Amino acid sequence: MNSLGMNILSLFTRKSTAPVARERLQILLSHERSTSCNVGLIALLQKEVLEALAKHIEIDPDKVQIKMERRKDVSLLEIDVEIPIPATDKPSSVASKISSRPRRTGQAA
Amino acid sequence: MAEVLVVTSGKGGVGKTTSTAALGAALAQAGQKVAVVDFDVGLRNLDLVMGAERRVVYDLINVANGEARLNQALIRDKRIDTLHLLAASQTRDKDALTEEGVRRVIGELRERFDWVICDSPAGIERGAQLAMRYADLAVVVANPEVSSVRDSDRIIGLLDSKTERAENGGHMEKHLLLTRYDAARAGRGEMLSVEDVLEILSIPLLGIIPESEEVLRASNVGSPVTLNNATSAPARAYLDAARRLCGEDVPMSIPMQKKNLFDRLFGRRAA
Ligand SMILES: Nc1ncnc2c1ncn2[C@@H]1O[C@H](COP(=O)(O)OP(=O)(O)O)[C@@H](O)[C@H]1O
Ligand SMILES: [Mg+2]
């Protein structure tokens with residue numbers, strides 16, 4: 001279809017954008033309104049999660065990240081913990097850099 | 001006892017200065033003694049919208065810093081003698097305004113007027129916070145558009161935390177003035193509806209000012225729209241809003257646009 005045809009068609013099918021605006025605002029504002037009170041909660045969680053983990057594994061405190069994301073109906077609490085791999089388990093540095101490609105079956109052309 | 005009202009919004013260009021002039025004039029037209037105060041230091045415009053730009057000698061900063069007396073700085077409106085303007089400084093730095101100075105000026109204005117209306121600068125920084133600092137109530141100006149509504153939400157947060165009244169544990173009264181409302185576009189679902197904005201901001205509605213070329217026309221000639229053409233749609237909306245501020249119970253109708261032939265034929269509607 002040529003672009004003129006597209007434009008005319010889009011005139012007929014144009015959807016109202018206000019509901020999208022409204023939805024986006026509601027999500028954004030509920031997040032912005034809550035961030036100030038969440039700061040304290042997140043700091044507390046950060047401290048207690050660290051304490052709990054430290055009893056069992058060795059971790060770098062900077063590698064524990066806690067984030068809260070507010071969605072329309074629920075909030076997502078994301079706890080990201082990076083655990084170092086003990087030196088003995090690490091693959092040799094060269095081995096990890098050798099290219100590996102999917103095995104090709106069939107005949108070369 | 002005077003009421004100190006701040007007209008604020010966060011976002012610029014939504015109609016604060018227009019609304020300050022129109023509401024101030026409307027209240028004065030109703031016989032109230034009104035002072036409108038321009039807090040937009042460095043970008044003063046209220047004098048221009050009120051048609052008093054050539055009469056400014058002293059300004060808010062001069063009075064706040066004790067360089068001039070309030071009497072010397074207040075400009076009486078040529079059309080309504082209960083309406084006065086205290087202009088902002090055009091040349092001084094905005095940091096020349098101190099909290100203590102503002103407190104004294106507002107205190108003095110309180111004794112002499114029924115209404116002190118503070119036209120806030122845009123933004124959420126110091127200038128906007130000084131304009132709202134000693135207010136008793138706020139008119140939050142918003143356009144039916146995402147960035148304006150978001151900024152209004154921030155301003156509502158500041159009104160509830162950074163004003164003297166809020167700090168003293170008092171309740172800050174807030175009213176929404178929805179301006180530049182285009183009924184046709186709202187009807188087609190291209191703009192947030194009145195209901196949308198009210199639901200999101202959840203403060204009571206003081207008025208809906210339609211988008212109208214009368215506003216530009218009035219500012220061209222330096223006259224608040226309620227004075228320039230009192231029967232025009234935006235003037236009537238401002239006059240009604242002023243009556244609501246005075247405690248009158250004035251019914252509100254949401255501006256509607258009749259559907260045109262095209263919309264009828266193709267059944268476009270707002271979801
Ligand atoms: N209801 C309206 N209809 C049409 N134009 C408007 C309306 N309200 C304000 N305007 C225009 O919008 C511009 C910004 O208004 P202004 O009052 O200076 O905003 P602010 O003080 O919030 O920056 C001006 O050009 C003004 O004439
Ligand atoms: Mg302005």
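No value in this document is a laboratory result; all are computed from the given coordinates. Predicted model, so just to flag it, every value in this text is computed and none were measured. Cβ placement follows ideal geometry from the backbone for every residue including glycine, while neighbour counts extend to all protein chains displayed.
Partner shielding of B:190-202 amounts to 3, given as the average count of beta-carbon atoms from other chains within 10 Å of each residue beta-carbon. 3J(HN,Hα) along the stretch B:233-243: 4, x, 5, 5, 5, 5, 4, 5, 4, 5, 5 Hz, from the Karplus curve 6.51 cos²θ - 1.76 cosθ + 1.60 with θ = phi - 60°, whole Hz, x for Gly and Pro. Sort the stretch B:12-142 into rounded, prolate or oblate with this rule: let a ≥ b ≥ c be the square roots of the eigenvalues of the Cα gyration tensor; rounded if a/c is under 1.5, and if a/c is not under 1.5, prolate when a/b is larger than b/c, oblate otherwise. It is rounded, given that a/c, with a ≥ b ≥ c, falls under 1.5.
If the limit is 23 Å between Cα atoms, which of A:LYS67/B:LYS11; B:LYS16/B:LYS162; A:LYS67/B:LYS162; B:LYS16/B:LYS94; B:LYS94/B:LYS162 go over it? Among A:LYS67/B:LYS11; B:LYS16/B:LYS162; A:LYS67/B:LYS162; B:LYS16/B:LYS94; B:LYS94/B:LYS162, the Cα-Cα distance tops 23 Å for A:LYS67/B:LYS11; A:LYS67/B:LYS162. To the nearest 10 degrees, how steeply does helix B:99-112 sit against the main Cα axis of chain B, on a 0 to 90 scale? The two axes meet at around 80 degrees. Once Rg and the Kirkwood radius are both taken over the C-alpha atoms of chain B, their ratio Rg/Rh works out to 0.98. Out of all DSSP beta bridges in chain B, what portion is antiparallel? Express it as a percent rounded to 5. Restricted to chain B, the bridges split so that about 5 percent are antiparallel. Estimated from the Cβ-Cβ distance and a Förster radius of 22 angstrom, the FRET efficiency linking B:ALA230 and B:LYS78 is about 0.85. Per residue, chain B reaches -11000 deg cm²/dmol at 222 nm when only DSSP H runs of four or more residues are counted, each adding -39500 (n - 2.57).
The mean number of partner chain beta-carbon atoms within 10 angstrom of a residue's beta-carbon across peptide B:137-147 is 1. Close amide-amide hydrogen proximity is noted between B:CYS118 and B:LEU5, B:VAL6, B:VAL7, B:VAL37, each under 5 Å apart and 5 or more residues distant or on a separate chain (H modeled in the peptide plane; Pro and chain starts excluded). Ordering of A:19-31, B:230-242 by packing is B:230-242, A:19-31, highest average first (other Cβ atoms within 10 Å, averaged per residue). Averaging the sequence gap over all C-alpha pairs within less than 8 Å and six or more residues apart, then dividing by the number of residues, gives the stretch B:3-270 a relative contact order of 24 percent. For the stretch B:1-156, the dipole from Cβ point charges (+1 on Lys and Arg, -1 on Asp and Glu) about the Cα centre works out to 240 debye, to the nearest 20.
Taken about its Cα centre, the stretch B:130-201 carries a charge dipole of about 180 debye when Lys and Arg each add +1 at the Cβ and Asp and Glu each add -1 at the Cβ.
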